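The values are calculated or read from the model by the stated rules, or taken from the named source; none is laboratory data. Because the structure is a prediction, the values reported are computed rather than measured. Just so you know, the surface numbers come from the protein's heavy atoms only, side chains and all, with ligands and any DNA or RNA stripped out. Shrake-Rupley method; radii C 1.70, N 1.55, O 1.52, S 1.80 Å.
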Amino acid sequence: MRQDRSMDEVILSAASTSPRRPVIAIDGPAGAGKSTLAAHLARRFKLLNIETGAMYRALALKAIESDFAFDEEPPLLQLAASTRIQLVPQSDGNRVQLDGTDVSRRIREPDVTSAASQISIHPRLRAWMVEQQRALGVKGGVVMEGRDIGTAVFPDAEVKIFLDASPEIRGNRRFSQVTPALQSPAVQSEEQLRADKQAIIDEMRDRDRRDRSRTESPLRPAEDAVILDSTALTLEEVLARAEEIVLAHLQPSNSITQ
Ligand code: DC
């Protein structure tokens, strides 16, 4: 307990001598566990948690509802200009408001997941998103999670973590989050369960390919990011390792003021 308190004090005192409070950038592929990690670090170090994927998802939802094609950038840019996306930080993640309506659940559905991946390849749309995200984090004091936070949104972030895991592990984890009731062998045959799991892994590979191969800010670790591979780690181990990384980067000797 005592040790925890003194660690918090280190963070806060380092932050108070800086013109900006620290930014913790968490990047990595889909299903690596970024949201859980970001929410944990935000609670642990009393920072705001900003989940940038939710912004791509919210705009994708508006594109679906407005019947816009996902592969044409100019109309999507126009749509973005007349769209209000608000992230309301909560202890377990962000509530998301699209033009004043709470869409937090809707944006997690598969059609929005697929549309968000497709619209996120457009360079000028990304530039628009990056501008909004910088404005949200301009004063620091945030854990920002996405694909390009350490490379494009906050290349000068005090802490950068690239959270990775093998596609199989990420697919398995995602599968176990999706409607656990349906996963009971009593409800579905073993064969159907295997097919469902494979479909999730395939979809994740598609999204990975799009994220890593787009021309504008492809998914890759920043040169100064710490790579945290969670393939063989438990959740508790990932959270503990990430806390160590944050503390190591925010000690006054590694000062964020330099
Ligand atoms: O993290 P997520 O699955 O909620 O992200 C949804 C989509 O948005 C995903 O396909 C990648 C894209 N995205 C992005 O390109 N850049 C970000 N900073 C965040 C998300």
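Ignoring ligands, DNA and RNA, what percent of the accessible area of segment 37-137 is carbon or sulfur (1.4 Å)? Mind dumping the intermediate values first?
Values: 2350 of 4720 Å².
So the carbon and sulfur contribution to the accessible surface is 50 percent.
Of L233, L136, which has the most accessible area with a 1.4 Å probe, and how do the rest follow in descending order? Please report the intermediate quantities before stating the final value.
Working: L233 60, L136 90 Å².
Order by accessible area, largest first: L136, L233.
How much accessible area per residue does the chain have, in Å², with a 1.4 Å probe? Don't skip to the end; give the middle numbers.
Details: 13010 Å² over 258 residues.
Computed with neighbouring chains in place, this is 50 Å² per residue.
With a 1.4 Å probe and all protein chains kept in place, how much accessible area does F70 have, in Å² rounded to the nearest 10?
60
Any idea how far the Cα center of segment 146-167 sits from the one of segment 87-118, in Å?
The two parts, judged by their Cα centres, are 21 Å apart.
May I ask for the angle, rounded to the nearest 10°, between helix 2-16 and the longest principal axis of the chain, with both axes built from Cα atoms and the value confined to 0 to 90°?
Orientation of helix 2-16: about 90 degrees from the principal axis.
What fraction, in whole percent, of alpha-carbon pairs in the chain exceed 27 Å separation?
Details: 12792 of 33153 pairs.
Counting pairs separated by more than 27 Å, the tail of P(r) holds 39 percent.
How big is the accessible area of D206 in square angstrom, nearest 10, if you roll a 1.4 angstrom probe over the protein chains?
Approximately 70 Å² of D206 is accessible to the 1.4 Å probe.
Show E191, E244 ordered by accessible area, largest first, where the area counts protein heavy atoms only and the probe is 1.4 Å.
Listed by decreasing accessible area, they come as E191, E244.
So what's the angle, to the nearest 10 degrees on a 0 to 90 scale, between helix 110-119 and the longest Cα principal axis of the chain?
70
Relative to the present Cα-Cα distance, how much length would full extension add between Q86 and D202 at 0.36 nm per residue of separation?
Values: separation 116, 0.36 × 116 = 41.76 nm, distance 3.11 nm.
Contour length minus Cα-Cα distance gives 38.7 nm.
Tell me, what is the percent relative contact order of segment 56-112, built from C-alpha pairs under 8 Å that lie six or more residues apart? Spell out each step's value before the answer.
Details: 58 pairs, mean separation 19.1, N = 57.
Computed value for segment 56-112: 34 percent relative contact order.
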